[in-house]
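The values are calculated or read from the model by the stated rules, or taken from the named source; none is laboratory data. None of the values given here were measured: they were computed from a predicted structure. Here the Cβ positions follow ideal geometry from the backbone for every residue, glycine too, while neighbour counts run over all protein chains shown. Quick note on the areas: whole protein, heavy atoms, side chains included, nothing else; ligands and nucleic acids left out. Shrake-Rupley method; radii C 1.70, N 1.55, O 1.52, S 1.80 Å.
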Amino acid sequence: AENVPFPATRQGTLIPLQAEEPFVTPDPAFIWHGAKFRLTLSNTPDIDTKLLGMHEPKLSSGWNSEILQDGEVKVLRYMDKSGSSAEEHPAYTAWLNGGGGNLCEGGNATAAQAVTADSNTQTDSWFAADARKSFVCFWASEASFPHLAGKIDIIAQPPERLLEVVGQIREVIYRGVDLKIRLRHGSTTGGRLLVLKKATFESYGAACQDMTTSRRLSHLGARARGPMASFSVVSPPKKKKKPWPKHRSLQEVDSSGTSSNCTNSPRRITDLKIVGATEVFPAAIWENPGAAGHNCSRDFRLYWNPALVDTSILADETNLKYILVTSSSSVLLHFVQKVRKLTEDEMLPTTDVAVVYKDFVDVVTATGAEWMLSTSDCAAKLLLDPATPMYEEGAEDLPLSQYLEAALDLKGFDLVALAYLPDIQTVIEKQVLCPVLQPPAPKPKRQETIWDIDKPGLGRTVVDSVIEVPSILNGTASFLHTDPLGEYVVCYAGDEKDETPFFNQIGPVISSKDVLDRLLYVPELLSTTLYGYINVSAQLPGIVRCVAMLDAVVPPKDPEEVFVPQTNSDPFLGESELMQYDVPGTSQIITLRLDQDKVPFMAPAVEMAGAPPSMYVWCAHQGSSILYPSATRGVQLDIQARIPPAFEYQQFNTTVSSVALTLQLEFTPIVVVFSESDFPRNYYDSVQFQARPALPGGLELDAETGAIRGIPSEAGPFETTIFAVSSNPPRGDSSAAMKLSIQDVLGLRFTSASADSILLSIQPRSTNIFTSQKVFLLTRKRTSAFTMQPEEFFCIAALSTISYSNVSEV
């Protein structure tokens, strides 16, 4: 078959060439070494075999490329053996000057990306930017020849971000603390920054957005380098028109009653003008349906008849406003024969237009005199009469009786406009027609808020290379206030129009920390009903204060309630002084002074025998908008029993350390008085009293109060120590020494004796409850030992009646 030409004709095969060159648009447009991006390909056939790949043309012998550090910025340089360097690829420079070969020669189609997304216009996968490979090669198929589709800017220096907290550059961010993100080496247009939770970032496959979602670029028109990249917006392909219905599904209706009455008075061409089709109706306003007569979809009905091909009428019968709509040039020329005189080039319009009266503004303001076509016009009736009546859209699905009621007789009214829509898909569907004549109002450009900083796809616009992120502002909180501790990724998009939803990560992962990161129990300082102690570490300079509450039912809401506590509230227990932290990362022991009037109400956190009472502590830092800890329960501090304070004994409100008691006589109790008059304020501070050694016979020590009472039954001098021992841990104690002297009420002492007399010394004793008035000396023969009981004296009952003198008689 070598001698047989294909095709076997003289004409060969016609291969049409398009006028526009293919070109690519990257998304995002601002790309740096290591960033991810997609490419959109324009001006190519709608086929699924297309490929795009990034390529570095081969360097001539002696040349090499290298990314160098030039001061604070990384740059791509091409260098030869002589030491000279260039910013552009030498082959590209030669190509721009009209020389050189195919820049895509040697391109690897197997490493290219398929252009199958978004109707075969966008790469299905993502490229990883390499500053050396900035040339885009296009293959119509894997086996085809590669063509240069453009060269995109890929800067060698990635953007950098700095985190500024209270005026200092940090590697972490802090919950509750305002943040400034400073940007270096970013786009000259500013761009946007986005902060994502690391978990969200990872859910996107280690990306700042869902990399599997295909999104059509909304900003075609970006600039590229090189004469081949005349980036222009490409119109979408025209949709095929729906076939014109030849008949209705209902039975035919007799429409032979054509009127012969006509005025034969069409508008002169000089009284008409052409306007854009979108000028017929007032411009739509977002989320505003407009007044009556203003809304095409709501206020107008569509009528049509198969007899008048590619034509319909929009009618607002309430306000007597009618518009003829057609996509047929024949219908247009029939009604406006000299329409070419209304165009600048005197050619038939090729775009959507409307013919209207010269003073016409819009259909709402048009008066009865501003008509452009009358149904009584003789020439017009040639087309209108066979099509009368027209029937409302959808009437063909109604029963015949209702179908007949949905008719519009084409007589007796004027049309304010004739809309010519050559590219419309159909003119008998209002949902297709009205958006062409009255395009929906574009959604207003999103008003950026300061809270968009962590919203995927949004982010915040960079102004003067910085973004300020408040923790809370006017009662609205950012992620700095609401999020728990975690990790974050900062993403950046530097596109000029700030519309791309695609961001790229800059900098390493960021951790968030608490300003007061450690609130610890202090083992060497035991919290008691007097004071609570907590060790607080602060990562930022500033003032710190803590409060203690009886319970966690109603915790403080914000730092203000810590710095200015409501001391009269029921749960308030105590507060600390204002503590100044000057050095970041240091800790201090903060003392909470407890309200002694509230101490009696302290209770255990758990219902368990012997459980200590607890307090709940929250702290605040003047630079943070949150409480520490943020948990509802705060830091639970269990108290220890207080070491009993020093005490003394008193009798008759007089301090005593030694007491003389009389044998067999009751005395006023000796009571304990602590040096701290309010001890104990809480049941947990109660003590038990003990005497070492034990008290002499007849005396007892009240274990709860420490009082000494009783009737001495043992004479002699005694010394003892009374201990007050805590009933609960750590079971501390205090003590007081006591001396007791217990003697008989009469001191009887033998002095001398002879055959005639016995000399005795009698010394009566007085106590605070007894004074002797009479003293009697009783004797008897010794037949047995004295039992020392008064009952053995026979006359004891009669002593009070015996007279006495200072002379003893036997």
Would you mind stating whether VAL617 is over 44 Å from the mean Cα position of the chain (by Cα), outside any loop (DSSP other than H, G, I, E, B) and hydrophobic (A, V, I, L, M, F, W, C)?
no
Considering residues of the stretch 404-419 that are farther than 10 Å from THR375 by Cα, out of contact with any Leu (no Cβ under 7 Å at 6 or more places or on another chain) and not acidic (Asp, Glu) only, the residue surrounded by the fewest Cβ atoms within 10 Å (Cβ to Cβ):
LEU404
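So how many residues does the stretch 418-434 have that are assigned to a loop (DSSP other than H, G, I, E, B) and either over 49 Å from the mean Cα position of the chain (by Cα) or of a type in the set (A, V, I, L, M, F, W, C) (or both)?
We begin by selecting, within the stretch 418-434, every residue assigned to a loop (DSSP other than H, G, I, E, B); these are 421-429.
Next, only the ones that are either over 49 Å from the mean Cα position of the chain (by Cα) or of a type in the set (A, V, I, L, M, F, W, C) (or both) stay: 421-422, 424, 427-428.
Matching residues across the stretch 418-434 total 5.
State whether the residues of the stretch 106-121 include one that is in a strand (DSSP E or B) and open to solvent by less than 30 Å² (accessible area, probe 1.4 Å). Full working, then the answer.
Initially, the stretch 106-121 is screened for residues in a strand (DSSP E or B), giving 113-116.
Imposing the further condition that a residue be open to solvent by less than 30 Å² (accessible area, probe 1.4 Å) reduces the set to 115.
Yes, some residue in the stretch 106-121 is in a strand (DSSP E or B) and open to solvent by less than 30 Å² (accessible area, probe 1.4 Å).
Of a type in the set (A, V, I, L, M) and free of Cβ contacts under 8 Å to residues at least 60 places away in the same chain: which single residue out of VAL544, VAL536, VAL599, VAL564 fits that description?
Values: VAL544 fails: free of Cβ contacts under 8 Å to residues at least 60 places away in the same chain; VAL536 fails: free of Cβ contacts under 8 Å to residues at least 60 places away in the same chain; VAL599 fails: free of Cβ contacts under 8 Å to residues at least 60 places away in the same chain.
Just one listed residue meets the conditions, VAL564.
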Among residues of the stretch 183-205, those that are surrounded by fewer than 16 Cβ atoms within 10 Å (Cβ to Cβ) and either touching a Gly at 6+ places or on another chain (Cβ under 6 Å) or not hydroxyl-bearing (Ser, Thr, Tyr) (or both), counted
5
When every residue in the stretch 388-417 that is in a strand (DSSP E or B) and of a type in the set (Gly, Ala, Ser) is compared, the one farthest from VAL280 (Cα to Cα) is ALA407
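Take the stretch 382-403 and flag every residue that is in contact with a His (Cβ under 8 Å, 6 or more places away or on another chain) and open to solvent by less than 60 Å² (accessible area, probe 1.4 Å).
Step one: filter the stretch 382-403 for residues in contact with a His (Cβ under 8 Å, 6 or more places away or on another chain), giving 382-383.
Matches in the stretch 382-403: LEU383 only.
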Among (1) touching a strand residue (DSSP E or B) at 6+ places or on another chain (Cβ under 8 Å); (2) closer than 24 Å to TYR303 by Cα, where does THR343 come up short?
(2)
Looking only at strands (runs of 3 or more DSSP E) that lie completely in the stretch 439-540, which have at least 1 residues being of a type in the set (Ser, Thr, Tyr) and open to solvent by 30 Å² or more (accessible area, probe 1.4 Å)?
510-513, 516-521, 531-538
What number of residues within the stretch 133-145 are part of a loop (DSSP other than H, G, I, E, B) and either aromatic (Phe, Trp, Tyr) or at pLDDT below 95 (or both)?
6
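Could you check the stretch 150-161 and list, in sequence order, the residues that are in contact with an Asp or Glu (Cβ under 8 Å, 6 or more places away or on another chain) and modelled with pLDDT under 95? Walk me through how you get there before you give the answer.
Let us first name the residues in the stretch 150-161 that are in contact with an Asp or Glu (Cβ under 8 Å, 6 or more places away or on another chain), namely 154.
Hits for the stretch 150-161: nothing passes.
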Scanning the stretch 377-430 residue by residue, those modelled with pLDDT of 90 or more, under 14 Å from PRO306 (Cα atoms) and among the charged types (D, E, K, R) turn out to be ASP385, GLU392, GLU393, GLU429
Positions within the stretch 670-709 being at pLDDT below 95, surrounded by 13 or more Cβ atoms within 10 Å (Cβ to Cβ) and under 16 Å from GLN650 (Cα atoms), in sequence order:
GLU676
Among the numbered criteria (1) buried (at least 18 other Cβ atoms within 10 Å of the Cβ); (2) touching a Pro at 6+ places or on another chain (Cβ under 7 Å); (3) under 27 Å from LYS338 (Cβ atoms), which one does HIS294 miss?
(3)
Is it fair to say PRO717 is touching a strand residue (DSSP E or B) at 6+ places or on another chain (Cβ under 7 Å), assigned to a loop (DSSP other than H, G, I, E, B) and in contact (Cβ under 8 Å) with a residue 12 or more places away in the chain?
no
Counted residues, the stretch 626-638 - those being surrounded by fewer than 21 Cβ atoms within 10 Å (Cβ to Cβ) and farther than 17 Å from GLN588 by Cα
6
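Check whether at least one residue in the stretch 740-762 is in contact (Cβ under 8 Å) with a residue 12 or more places away in the chain, out of contact with any Leu (no Cβ under 9 Å at 6 or more places or on another chain), within 30 Å of SER614 (Cα to Cα) and open to solvent by 40 Å² or more (accessible area, probe 1.4 Å), and report yes or no. Steps first, answer last, please.
First pass over the stretch 740-762, keeping only residues in contact (Cβ under 8 Å) with a residue 12 or more places away in the chain: 740-749, 760-762.
Among the residues that remain, those that are also out of contact with any Leu (no Cβ under 9 Å at 6 or more places or on another chain) are: 746-747.
Within this subset, residues satisfying the condition of being within 30 Å of SER614 (Cα to Cα) are none.
Taking every residue of the stretch 740-762 in turn, none turns out to be in contact (Cβ under 8 Å) with a residue 12 or more places away in the chain, out of contact with any Leu (no Cβ under 9 Å at 6 or more places or on another chain), within 30 Å of SER614 (Cα to Cα) and open to solvent by 40 Å² or more (accessible area, probe 1.4 Å).
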Hey, can you tell me all the residues within the stretch 740-793 that are closer than 25 Å to PRO696 by Cα, among the polar types (S, T, N, Q) and modelled with pLDDT under 75?
SER766, THR767, ASN768, THR787, GLN789
Please specify each residue of the stretch 322-362 satisfying the condition of being within 55 Å of the chain's Cα centre (by Cα) and closer than 24 Å to ASN305 by Cα.
TYR322, ILE323, LEU324, VAL325, THR326, SER327, ASP352, VAL353, ALA354, VAL355, VAL356
Give, as residue ranges, the strands (runs of 3 or more DSSP E) completely inside the stretch 625-703 that count at least 3 residues that are more than 46 Å from the chain's Cα centre (by Cα) and farther than 30 Å from ILE543 by Cβ.
647-651, 654-656, 658-662, 671-674, 687-692, 699-701
In the stretch 592-611, what count of residues is obtained for those that are buried (at least 19 other Cβ atoms within 10 Å of the Cβ) and outside any helix (DSSP H, G or I)?
4
